[in-house]
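Asker: I have a structure I would like to understand better, so I am pasting it below and will then ask my questions one at a time.
The values are calculated or read from the model by the stated rules, or taken from the named source; none is laboratory data. Computed from a predicted model, the values in this text were never measured in an experiment. When we count neighbours, we look across all protein chains shown, and the Cβ atoms used for this are built from the backbone with ideal geometry, even at glycine. Side chains included, ligands, DNA and RNA excluded: accessible areas come from the protein's heavy atoms. Shrake-Rupley method; radii C 1.70, N 1.55, O 1.52, S 1.80 Å.
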Amino acid sequence: MSVSHWRQPVPPAFWHAWVPPRLHRVVRWAAWLAAAGTLIGFSLVLVYALLASRFDMELAARPPTGPRVLDRNGEELDIPGARARPLLRQEDVPPFLVDALRAREDARFYEHRGVDLRGLTRAFWRNLRDRRFTQGASTLSMQLVRNVFGLKQKSIDRKLLEIAVTLRLESRFTKDEILTHYLNTIYFGAGAVGLEQAAQTYFGKSARDLSDGECALVVGIIRGPH
């Protein structure tokens, strides 16, 4: 008996009855491409999740506050620029400042999970049209990640890593905690880092005592502190 007699006919795929014969090859190629895209996407997620796991999220809650100069007896010397800067507490954030900050930087801050897909899509098409990185669609959480971990380069690799680290940040802290940490790391000009130091530098008062107009002013400084 010949070998051909042992071969069993291969049953047609279930979709053959629904797709015209002339499109069978197209459907096969589309299926292979979809499978390859899924595999590549899963691999990218795994790689950047592993890279993001190396970052210590607690650094966002403990920003450096500057050096302290002590004398031989261990007493702190009052030297300009040497005293540790004050940090803002969550309960001292003025509600109007939160509203102004969201209106200026991230209107959907309390709705997304650190990454605003609408903003990313809009920025993607804008960058594609401009043929360069003109928009980053960074949320407050993503800006905090950049400030704390120094992810400043403009590249696709840096953006993917920033997104991965941001997702970790959002799983570690509440929204209000992230907002407070963000306000403690932003540079407000005139040597002031953080909202508490900015309030004392510009208005001679604590951040919790800022008026609505003063809140609007310091929020407006964020994009152009120099």
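Asker: For the range 162-226, what does the alpha-carbon gyration tensor say about shape, rounded, prolate or oblate, given a ≥ b ≥ c as the root eigenvalues, a/c under 1.5 as rounded, and a/b over b/c as prolate?
Answerer: Numbers: a/c = 2.56, a/b = 1.86, b/c = 1.37.
The shape class here is prolate.
Asker: Accessible area of ASP212, 1.4 Å probe, to the nearest 10 Å²?
Answerer: So the heavy atoms of ASP212 present about 90 Å² to solvent.
Asker: Right, here's the next one. Run down the aspartates and glutamates and flag those whose C-alpha is under 13 Å from the C-alpha of LYS205, throwing out any fewer than 8 positions away in its chain.
Answerer: ASP92, GLU196, GLU214
Asker: Between LEU44 and ARG129, what is 0.36 nm times their sequence separation minus the Cα-Cα distance? Round to one decimal in nm.
Answerer: Details: separation 85, 0.36 × 85 = 30.60 nm, distance 2.51 nm.
Extra length from LEU44 to ARG129 when fully extended: 28.1 nm.
Asker: Another question about this same structure. Quick one: Debye curve from the alpha-carbon atoms of the range 110-226 only, equal weights, vacuum; give me log10 I(q)/I(0) at q = 0.11, 0.15 Å⁻¹ to two decimals.
Answerer: -0.42, -0.76
Asker: What is the extension gain from ALA35 to ARG122, computed as 0.36 nm multiplied by their sequence separation minus the C-alpha to C-alpha distance, in nm to one decimal?
Answerer: Working: separation 87, 0.36 × 87 = 31.32 nm, distance 2.68 nm.
Full extension from ALA35 to ARG122 adds 28.6 nm.
Asker: Among GLN143, ILE178, GLN153, whose Cα projects farthest towards the positive end of the dipole of the range 110-226, with charges put on the beta-carbon of Lys, Arg (+1) and Asp, Glu (-1)?
Answerer: GLN153
Asker: Using modelled backbone amide H atoms (1.01 Å from N, in-plane), which distant-in-sequence or interchain residues come within less than 5 Å of TYR187's amide H?
Answerer: GLY194
Asker: At 0.36 nm per residue, minus the direct Cα-Cα distance, what do ARG62 and SER155 gain on full extension? Give it in nm, one decimal, please.
Answerer: That works out to 30.7 nm of additional length.
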